[in-house]
Amino acid sequence: MSAEISPYGKLVRDGLWTNNPGLVQLLGLCPLLATSNNVVNGFTLGMATLLVLLMSNTIVSLIRPVVRQEIRIPIYVMVIAALVTVVELIMNAYFNALYNILGIFLPIITTNCIIIGRAEAYASKNPLRLAAFDGLMMGLGFTLVLVVLGGVRELLAQGTLGDGLNLILGESFKGVHLTLIPEYQGLLLAALPPGAFIGLGLLIAGKNWIDARYKARAVALAPAPA
Amino acid sequence: MSKNLGQVLRSGQVLGLFAIAAAGMLAGTHALTADRILQSERQRLLRQLQEVLPRGAYDNDVAADRIEFTSAQLDATQPVTVYRARRGGQPVAAVMTVTAPDGYSGAIQMLVGVGHDGHLTGVRVTGHKETPGLGDKIDSQRTDWILRFDGKSLADPAASGWAVKKDGGAFDQFAGATITPRAVVKAVHRSLQYFEQNRETMFSSAAEGGDS
């Protein structure tokens, strides 16, 4: 852990790992658990969240000079709600099938605590570029968890990966997906809500395990203090 | 006091300006996407209708040739929409939006297409909350089960056969899920009966306006 790490490097590490919204901050669990039943759904909701985070962090950072301390929260809420509705309208227009699959989870990105959390904790105190980059990294970190969890659940429940790719990439991709376990009977639990909780628990445990090992090794390698 | 008042007013002003800006942004996006959204909803409906109608057997604008019926038999909560397919003005088939209220986890929405001769031209589930991996096999995305209704009629199988095999009928249930297919079979049977009783009025009524 060098002290020279650039602010951008730190944002990458925080968003994707050390302060990952899904694994560490545990924010936005409701959509995370509900739409992680396969890779495509997880990826789409992740991307929609990323888009909103990027835009909300950008705007919140831009309006710092005019927003008074006492009314910042209602303004953030207004900005976020408007942005989510914009994303929702665009998805309805151009990705209608996905829009219908994600259903209620698209509009409730508004209430995803990651977004107002980042606005309040980071974007409202930092310059435009850093704030936008933070939004991007937090969004990526969230998407990553959604895709990994979606992948694990899809694999266990159906034996496939990437089912429904045609919904994002167009009709020519209909039926294109990896069947990793042919003639698979499926583990129903993975597709059901408890599967989401168990899967996320295992992911968090895995992350903590890796962190612990890394730390132990760092301690072992470090020269003994004089 | 006046200093406080000034602050309150300023805060209100800022909030108001943001509300106006946000509303403007939404109005703009809405104006840009409204047509496209209408179009994609329409395409979605057309795709669904095409799936339950015989390909190329009709030449009218099915989505626009629709009427609404109120029938507690088919849907107790909302009117049933019927889309009529015609060729050269002659009735070919009707597609009904049917709800099976007795699914395992709530209502199951379906489109039931019936040819003018009383044979099913296709059945599709358009909305359900059935258990993934068990009940969701009624979805044509999952299995071909729903295709087995194609070509069936009130006479084939006979009335006693309109049930799942477990109940002595002609239709397969799924391992671990009987309630879902039972609800679908019953709803399809009811639709056929309703069609039989109302066939003539269904095709002769004038189409209702609306563009959706």
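None of the figures in this text is laboratory data; all of them are computed from the coordinates on show. Worth saying up front: this structure is predicted, and the values here are computed from it rather than measured. Cβ coordinates were reconstructed from backbone atoms using ideal geometry, including for glycine residues, and neighbour counts include every protein chain displayed.
Would you mind working out the magnitude of the charge dipole of the protein assembly as shown relative to its Cα centre, with +1 at each Lys and Arg C-beta and -1 at each Asp and Glu C-beta, to the nearest 20 Debye?
Numbers: 37 positive and 33 negative charges, 290 e Å.
The calculation lands at about 1400 debye.
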In whole Å, how far is the Cα centre of the range A:77-129 from that of the range B:164-181?
43
Among A:PRO127, A:LEU102, B:ALA158 the positive-end extreme of the charge dipole of the protein assembly as shown (Cβ point charges):
A:PRO127
Rounding to the nearest 10 and keeping the result within 0 to 90°, find how far the Cα-based axis of helix B:179-204 lies from the longest principal axis of chain B.
90
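Please list the helices of chain A that count as membrane-span-like by this rule: a mean Kyte-Doolittle hydropathy of at least 0.5 together with Cα atoms stretching 20 Å or more along the helix axis, each helix being a complete DSSP H run.
Membrane-span-like by this criterion, though nothing is claimed about a membrane: A:39-62, A:72-94, A:128-158, A:193-221.
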Within the protein assembly as shown, how many Lys pairs that are eight or more residues apart, or on different chains, come under 25 Å at the alpha-carbon?
19
Under a point-charge model restricted to the Cβ atoms of Lys and Arg (+1) and Asp and Glu (-1), what is the dipole moment magnitude of the range A:1-104 relative to its Cα centre, in debye to the nearest 20?
180
Given contacts defined as C-alpha pairs under 8 Å and at least six residues apart, what's the relative contact order of chain A, whole-number percent?
30
Treating the angle as unsigned and between 0 and 90°, give the value, to the nearest 10°, between the Cα long axis of helix B:2-52 and the longest Cα principal axis of chain B.
20
In the neighbourhood of A:LEU136 defined by beta carbon distances under 13 Å, the net charge of the other residues (Lys, Arg +1; Asp, Glu -1) is 0
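Would you mind working out the magnitude of the charge dipole of chain A relative to its Cα centre, with +1 at each Lys and Arg C-beta and -1 at each Asp and Glu C-beta, to the nearest 20 Debye? Intermediate results must be reported in sequence, preceding the final value.
Numbers: 14 positive and 11 negative charges, 137 e Å.
So the dipole magnitude of chain A works out to roughly 660 debye.
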Take the alpha carbon gyration tensor of the range A:20-129, find the square roots of its eigenvalues, order them as a ≥ b ≥ c, and report rounded if a/c is under 1.5; if not, report prolate when a/b exceeds b/c, else oblate.
prolate
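Rounded, prolate or oblate: which one fits the protein assembly as shown, using the alpha carbon gyration tensor with axes a ≥ b ≥ c (rounded when a/c is under 1.5, else prolate when a/b beats b/c, else oblate)? Working shown, then result.
Numbers: a/c = 2.97, a/b = 1.62, b/c = 1.83.
Cα axes put the protein assembly as shown in the oblate bin.
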